[in-house]
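Below is one structure, written out as structure tokens, with a few remarks after it.
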Amino acid sequence: MTGTVLAISIAYVVMGLVLLGMGLTSRFAWWVKAMAIVVTSVFFVEVFYATKGLLGWPGTEKLPQRFQLLWARPVEPDAKVGDPGSIYLWVEELDENNVPSGVPRSYRLPYSRPLAERASKARDQIMKGNPQQGSAEDMPDAGAQQEIKVDAKQAGQQAQEGGVVIDADQAKLLQQAQRVEFGTMPLPTLPPKLPQ
């Protein structure tokens with residue numbers, strides 16, 4: 001990922017140099033050229049630090065259909081700061097033989113009490129040494145939003161009406177909501193032995 005950040009930064013510098021070359025030969029006033037140089041320079045430094053800050057943040061895209069759960073962390077809603085809560089999962093996608101891909105990914109899901117309880121139980125099983133498999137299937141938007149609203153009311157908060165404010169990221173998570181279940185990780189399916 002660091003290579004990607006460097007590539008984006010280098011691309012921005014090259015674009016800045018091309019603009020600089022075109023700007024120096026133009027008929028604009030010297031102060032317009034100077035402002036263009038300063039603004040472009042500030043932006044490529046900003047792009048470098050902004051993209052570097054994205055490294056390690058959990059993805060909000062959909063979970064794989066089958067995965068091994070490596071860890072889970074539910075973060076409950078907090079009305080004081082307007083945080084609607086999230087559930088963070090660290091997973092590895094499984095192939096058809098139940099073999100993990102070897103590439104762990106972090107995901108952020110919208111908070112709901114039932115999912116938080118299932119994730120906490122699965123995490124407890126992992127701590128006991130029992131690997132956990134997860135499955136995710138698409139859920140209608142209305143069902144996901146209803147589950148979040150019901151959970152917010154149970155906590156004594158009213159979503160969007162004063163307690164927890166659902167921001168753009170949380171709305172995106174709701175649109176991509178999936179039904180997530182956890183269970184004991186089955187052993188990998190081994191290929192048949194070759195006859196000798």
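The values are calculated or read from the model by the stated rules, or taken from the named source; none is laboratory data. Predicted model only: the values in this text are computed from it and were never measured. All Cβ positions, glycine included, derive from the backbone under ideal geometry; neighbour counts span all protein chains shown. Accessible surface areas use protein heavy atoms only, side chains included; no ligands, DNA or RNA. Shrake-Rupley method; radii C 1.70, N 1.55, O 1.52, S 1.80 Å.
Listing for the model above:
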item: 5 angstrom amide H check on residue 83, placed H, neighbours 5+ away; result: 78
item: Ranking by accessible area, most exposed first, for 37, 10, 126, 87 with a 1.4 Å probe; result: 10, 37, 126, 87
item: Span from the segment 95-133 Cα centroid across to the segment 178-196 one, whole angstrom; result: 16 Å
item: Kirkwood Rh in Å, taken over all unlike Cα pairs in segment 1-41; result: 11.1 Å
item: Solvent-accessible heavy-atom area per residue, rounded to whole Å², over segment 1-126 at 1.4 Å; result: 63 Å²
item: Residue order for 42, 180, 75 - accessible surface, 1.4 angstrom probe, largest first; result: 42, 75, 180
item: Sequence of 39, 47 when ordered by accessible area, the most exposed leading, probe 1.4 angstrom; result: 39, 47
item: Segment 94-116 residues near the modelled residue 66 label - backbone nitrogen below 16 Å, point 7 Å along Cα→Cβ; result: 94-102
item: Burial ranking of peptide ranges 182-192, 107-117, 89-99, 12-22 (average Cβ count within 10 Å, highest at the top); result: 107-117, 89-99, 12-22, 182-192
item: Residue-wise HN-Hα coupling along segment 184-196, computed from phi with Karplus coefficients 6.51, -1.76, 1.60 (Hz; x: Gly, Pro); result: 5, 6, x, 5, x, 7, 8, x, x, 6, 6, x, 9
item: Length released on extending from residue 117 to residue 95, taking residue separation times 0.36 nm less the Cα-Cα span; result: 5.3 nm
item: Portion, in percent, of the accessible area of segment 30-129 that falls on carbon or sulfur, probe 1.4 Å; result: 61 percent
